[in-house]
């Protein structure tokens, strides 16, 4: 049984009156998650400080950025930077949930000649940090749909760019497998369009990094897509525009049910909004909400 939003809010209201056992009800015991957050959402991107912030908020890990002043080498390819992250992990007991190549939104994977080398460097760095997933971003200039921005559903694929993406993924996938790393595609595409790309790449180390907020706001049926992608989802972002989880457009009950149906096991990474200029309170509220979901 999963907790409805109404029951969740009711439980919160009754908590002060001794209703904590209700709050501890588990929505889907068959969903096994660890909870992290994006370092940029925490406001501390590209710094080991993100681990101190995440620990104070009650998270299990951090999705770190592979970006910086992009040249021939990614910042995360620097052993000294990775050692700083390792020291932060030792200090806090948290881990790197994943590594996000957000720079590809401005320097697209499909068109920038440096991108394959950046991916190779990030695969090596991700393995060195003990993480299992790379977020390969396709937004902004890197969008693979002809129609860009919100409500891009229905836009045709940029076929030439998709062909290059497939070619480059086929080349990188064996290295990812050898490193024990999965390349997760996060984009504005439908589940069906993502599946068509995965079918062409045909490699277990290339999967989908699913974002429930992006997909909801792009008009996709999120619960159906989660079930359709099933075990090809390597990791999940939780967000809901400028809302706190459970208060916006995303049907969190339906998301929880779909994740339960596929027996999702892995990281849920918060990319949630900061409300009322209070980062810690905003994240703590969302952390509590997700903990009660599962």
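The values are calculated or read from the model by the stated rules, or taken from the named source; none is laboratory data. If you're wondering where the values come from, they're calculated on a predicted model, not measured in any experiment. Cβ atoms come from the backbone with ideal geometry, glycine included; neighbour counts cover every protein chain shown.
Taking the numbered list (1) more than 20 Å from residue 271 (Cβ to Cβ); (2) without any contact (Cβ under 8 Å) to a residue 24 or more places away in the chain in turn, residue 44 passes all entries but (1).
Checked across the stretch 104-111, the condition of being crowded, with 19+ Cβ neighbours inside 10 Å, under 19 Å from residue 49 (Cα atoms), modelled with pLDDT of 95 or more and under 21 Å from the mean Cα position of the chain (by Cα) holds for no residue. Look at (1) under 24 Å from residue 95 (Cβ atoms); (2) within 17 Å of the chain's Cα centre (by Cα); (3) without any contact (Cβ under 8 Å) to a residue 60 or more places away in the chain; (4) buried (at least 23 other Cβ atoms within 10 Å of the Cβ) and you find that residue 176 fails only one, number (2).
Yes/no per residue for (1) within 23 Å of residue 103 (Cα to Cα); (2) touching a helix residue (DSSP H, G or I) at 6+ places or on another chain (Cβ under 6 Å); (3) at pLDDT 95 or above; (4) surrounded by fewer than 16 Cβ atoms within 10 Å (Cβ to Cβ):
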| position | (1), (2), (3), (4) |
| --- | --- |
| 184 | yes, no, yes, no |
| 199 | no, no, yes, yes |
| 228 | no, yes, yes, no |
| 249 | no, yes, yes, yes |
| 266 | no, no, yes, no |
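Selection within the stretch 124-136: residues that are in contact with a helix residue (DSSP H, G or I) (Cβ under 6 Å, 6 or more places away or on another chain) and buried (at least 23 other Cβ atoms within 10 Å of the Cβ). The member of this set that is farthest from residue 194 (Cα to Cα) is 125. Of the residues contained in the stretch 277-289, none is found to be touching a strand residue (DSSP E or B) at 6+ places or on another chain (Cβ under 6 Å) and part of a loop (DSSP other than H, G, I, E, B).
Determine, yes or no, whether residue 189 is under 21 Å from the mean Cα position of the chain (by Cα), within 18 Å of residue 144 (Cβ to Cβ) and either buried (at least 22 other Cβ atoms within 10 Å of the Cβ) or modelled with pLDDT under 95 (or both). So residue 189 fits the description; yes. Could you please let me know if residue 219 is in contact with a helix residue (DSSP H, G or I) (Cβ under 8 Å, 6 or more places away or on another chain) and at positive phi? Spelling it out, it is not the case that residue 219 is in contact with a helix residue (DSSP H, G or I) (Cβ under 8 Å, 6 or more places away or on another chain) and at positive phi. Within this structure, residue 131 passes the test of being assigned to a loop (DSSP other than H, G, I, E, B) and in contact (Cβ under 8 Å) with a residue 40 or more places away in the chain. Tell me which of these residue 86 doesn't satisfy, since it passes every other one: (1) modelled with pLDDT of 95 or more; (2) closer than 23 Å to residue 185 by Cβ. Failed condition: (2).
Out of 44, 53, 70, which single residue is crowded, with 16+ Cβ neighbours inside 10 Å, outside any strand (DSSP E or B) and modelled with pLDDT under 95?
Among 44, 53, 70, only 70 is crowded, with 16+ Cβ neighbours inside 10 Å, outside any strand (DSSP E or B) and modelled with pLDDT under 95.
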